[in-house]
1. If r is the Cβ-Cβ distance from B:ASP388 to A:THR231 and R0 is 56 Å, what FRET efficiency results, to the nearest 0.05?
2. Greater than 32 Å separation of Cα atoms is the criterion. Which listed pairs, B:LYS41/B:LYS136; A:LYS258/A:LYS374; A:LYS77/A:LYS99; B:LYS75/B:LYS142; A:LYS77/A:LYS252, meet it?
3. Once you place label points 7 Å from the Cα toward the Cβ at A:LYS168 and A:ASN193, how far apart are they in nm?
4. Enumerate the residues in the range A:236-271 having an amide nitrogen under 20 Å from the point lying 7 Å beyond the Cα of A:ARG281 toward its Cβ.
5. In whole Hz and in residue order, list the ³J(HN,Hα) couplings for the range A:207-213 that follow from phi through the Karplus curve 6.51 cos²θ - 1.76 cosθ + 1.60, θ = phi - 60°; x for Gly and Pro.
6. Could you compute the net charge surrounding A:SER66? Neighbours are other residues with a C-beta less than 13 Å from the C-beta of A:SER66; K and R count +1, D and E count -1.
7. Calculate the mean, over all residues of peptide B:421-429, of how many other protein chain Cβ atoms lie within 10 angstrom of the residue's Cβ.
8. First obtain the Kirkwood hydrodynamic radius of the range B:31-175 from its Cα pairs, then insert it into the Stokes-Einstein equation at 4 °C and 1.567 mPa s, and state the resulting D in µm² per second as a whole number.
Amino acid sequence: MKKVIMAAILCSNFLNFGAQAANLNLLYNDKEVTIAGFNSKEKVRISAAYQDPKFNNQIKNLFYQSVQDYLRSDNLKCEFRIPNFFENYLHKAKLNYSKADILEHYKMLRVNNFIDDILYESVRDITVDLFAMRDLENLNRTEKGISKVKAKLLEVNDINEHYENFRKFPDENSVCVYQEFIHLKNIIFSKDNKLSQDTNDFKYLNGHALYNKVIDDNTFRKLEYLRTQSTITKRELWLQDYFKIIFNAKNKMIPEKKLYVYRDFDKENKFSTEKASRKERLTRRKLLYLKYDETQIIQLATVLQNASRRMGSDPDTRSSAPAIIQSFEVTLQNGKRETYVEKHELDPQSQYVYARRMLRKDVLNLQMMDSFNKLKITYEDVVMAALETGYINFEDIEFVITYDDLWNPTKSRQQKMFGFLFDVAGYGSFVLPPPWNIAAAIALGVTEGIVESKFETGADHDNPATIFE
Amino acid sequence: MITRQPFLNKLGLILLFTSSVASAQVGTCPKDFNVVERNPKGSGFTFQSRTLEDLNCDDTFEGKYFKIVHGTNSKPIHFEHVDPELVKKAANVYHHLTIARNHWVNVVDSAYVKSLPQITIRLDIANTFSSVRHFKNAEQEKNFNNAWTIPEGETPKTAQEKLKWGKEIWFSPMKKLESKKLVKSDGSNPIHQSLILVKDPLMEYNKNALIYQGLTLAIADNFKDSAVYSNALKTLGAVALLYGAIEISKGADHWFMSKYYFIDTAMVPEIIYHEYAHIAMSDTMKTVHSVPVIEGMADYFAATIADRRNMYEKLKGISSNKGKDRGSKMRYHPFLEGEWNSTSDFTLSVLWQGREAFEKYNKSRQERGQENNVDYEQLVFHAHQKLDENSDIANHLTRALLESCRDNCENPRTGMNLLNQVFEKKGFN
Ligand SMILES: [Zn+2]
């Protein structure tokens, strides 16, 4: 579970949005350029099916209202409330509200960037579960329980206690279905008295609870559905956590001096929706949401802000040239002491490199904090966090992403050396007649030799005049 | 009286009208002359007829903005001057200076250039510039194959002859020099001063014993074993060795671009653009001595006007010069800051690589429906206002470009990042 530290920098109450109306405009997708939830053919079909912007906007408003109502409720684990509210609003507005209609509306919301992929996929899955359980509710069928007594299993799992909250199926008001289900799943022990990894244990207990009439037929069916067919067992991000990031981290660091407003969203950088790595099935943005909480995301983005300030390219900051200051107290022969101070101002390239070195150090410092324990921060996470908070924009990505070349070099040393070789033939000009231009060329040849030999001896300096490389 | 009044008015109007026409005619008497137009590639060129604009109507090469004179004269060269070669040069200089000025006025939009008074251009001047006498005695020191931009000045108060002059561009005469004979000469050696500048940093490296390793790599094998090599190192140091290397090496011929060295600077369009750029940037960058940053900036603006990769390159019968390559892949080294490196193409290649990077990047912005982040020429132009004759490349030029982007880029962060990437590629770190 993610711990929240440095909560002081974020002053809102995460758990209850009821007091203040959440800024629902933050639901608007300005981060994910491509759609992960369905293919481009489907996107075209949806666009064709929903051509009336007025109607689309009405649907959007009803959906946003549903989210608002959900956020005002006491328990944000009751995620079924969103499709429930939405269905009611559609009904009231005399619009189609079947399961198929609602799922189509969601797609329209995603295509028009009224919602992002994470929310789209969540509400889609929740809605599918909601309607599936309604169908099960109406199924007038007697279920078969399991009479067999597995003594060892029943010894470590008290059915009456475990299924207490399912004697009456959760009302999604004071008690939430998903929450109770996940809770139940997590308290089942196997016969060797360890937390059960075997889904057969869960299956047995469901059947045995039904047999013993701790739960009824409907509840049994629903529990079995959740256990076997719902995506809830694979869900890694609660809506509650998603909204915490949306309302407390997303676009929270947009510079005062706005530098870039996209005009053609589809042509922007696809960094956030690309797979995080070859092994990773998640996109970079989803990974960010799963891996970090809102505080951590702000902390990650701040690392890049600091680097940007050191480089002198933060939009809201005027930065001086960095300088190294060192003072010396020298004891002279006569015993007197003399103090002098040395100040060395960095050239722009050293400044650029220094800022990148410090960036790496800052990431390392963050990594060592308790709250980041067991989380391996990657530089891509830092960039993604900066994008999420709006500190950097789409255009910045391709530049910012190369900052880590210093410590993750993509160029081999050989290539770097090759690039250094002086083009001797390039010397000479109309001002210097030969042979003096040749003398210049040879002098540079000497220079080249010096630098090359430095490579040979292991020192890795390209430009001997810089301090930071 | 009453009846004559309208008549007078009418007369007055007519007079006014004719006089305004007359003054307009005095201002501009355009005339066609043949000028040098380079072929797009290589050393070829043709003489093309071009109209010289803004000429005064007195059959001389004096116009609103330029006065072309011969040597130390003050009167402009006449169209009917006895030396047809001089007329050809005058026309060529006048035409290409007009192109350069138009660029600075219309494209760069420089208020300073717009405000400049007429400047004097001296052709075939062999004298050396004197900051107190305007010209040094011609016998003292003779210049050939070169061009300068000189600052305005006046004789000191104590001088008997009071002289005052404005900014001027000087083109010295062409002289065919045999390359090999130059090797043994001393005297007015243009690199002499430069080598003194080289000496110190080289000696610095000596302490690390690195210079020896460097020389081993730089000097040919058969030379390495010679007595000159070891003696020179012991007694004279590395700089002397450079002279020696050229003197002794029989195989040095391939270093020379040709047997002869010559350059008629007044006939090479890019050199004319280069010298005018010095004038155009003289508000902040005084042309008292050549520094790599100032030369590189002038090269850059000359390159945008000429738009050719090899600037100042060979021109058949006019110049045997080896050009500067704006696309040079050379990477930075502190030695490049030396005055003797004013002739290197490094600064030009930094500025040009920036231009290409911004072109590519602006194009990708356009594809996303964005405006250009910055007009790169304006970025460089504004950078010159932060520079002077004491500026170096690694500290001042790079910072001036970055700050110019901060002030002028639509999205300074990406612009500055892009500049930093260019600097990185050019080996500044
Ligand atoms: Zn120059």
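1. Once rounded, the FRET efficiency stands at 0.25.
2. On the way: B:LYS41/B:LYS136 39 Å; A:LYS258/A:LYS374 36 Å; A:LYS77/A:LYS99 22 Å; B:LYS75/B:LYS142 22 Å; A:LYS77/A:LYS252 25 Å.
Violating the 32 Å Cα-Cα cut-off are B:LYS41/B:LYS136; A:LYS258/A:LYS374.
3. Between A:LYS168 and A:ASN193, the label points sit 3.6 nm apart.
4. Those under the cut-off are A:236-239.
5. Per-residue couplings from phi come out as x, 6, 5, 5, 4, 7, 6 Hz.
6. Values: positive: A:LYS60, A:ARG72, A:ARG81, A:LYS92; negative: A:ASP69, A:GLU79, A:GLU87.
With Lys, Arg at +1 and Asp, Glu at -1, the neighbours total +1.
7. On the way: counts 4, 0, 4, 7, 1, 3, 7, 10, 16.
Mean inter-chain Cβ contacts per residue within 10 Å come to 6.
8. Numbers: Rh = 16.5 Å.
The diffusion coefficient I find is 78 µm²/s.
The values are calculated or read from the model by the stated rules, or taken from the named source; none is laboratory data. What you see is a predicted model; the values in this text were computed from it and never measured. Glycine gets a Cβ as well: all are built from the backbone with ideal geometry, and neighbour counts include every protein chain shown. Surface areas here come from the heavy atoms of the whole protein model, side chains and all, with no ligands, DNA or RNA. Shrake-Rupley method; radii C 1.70, N 1.55, O 1.52, S 1.80 Å.
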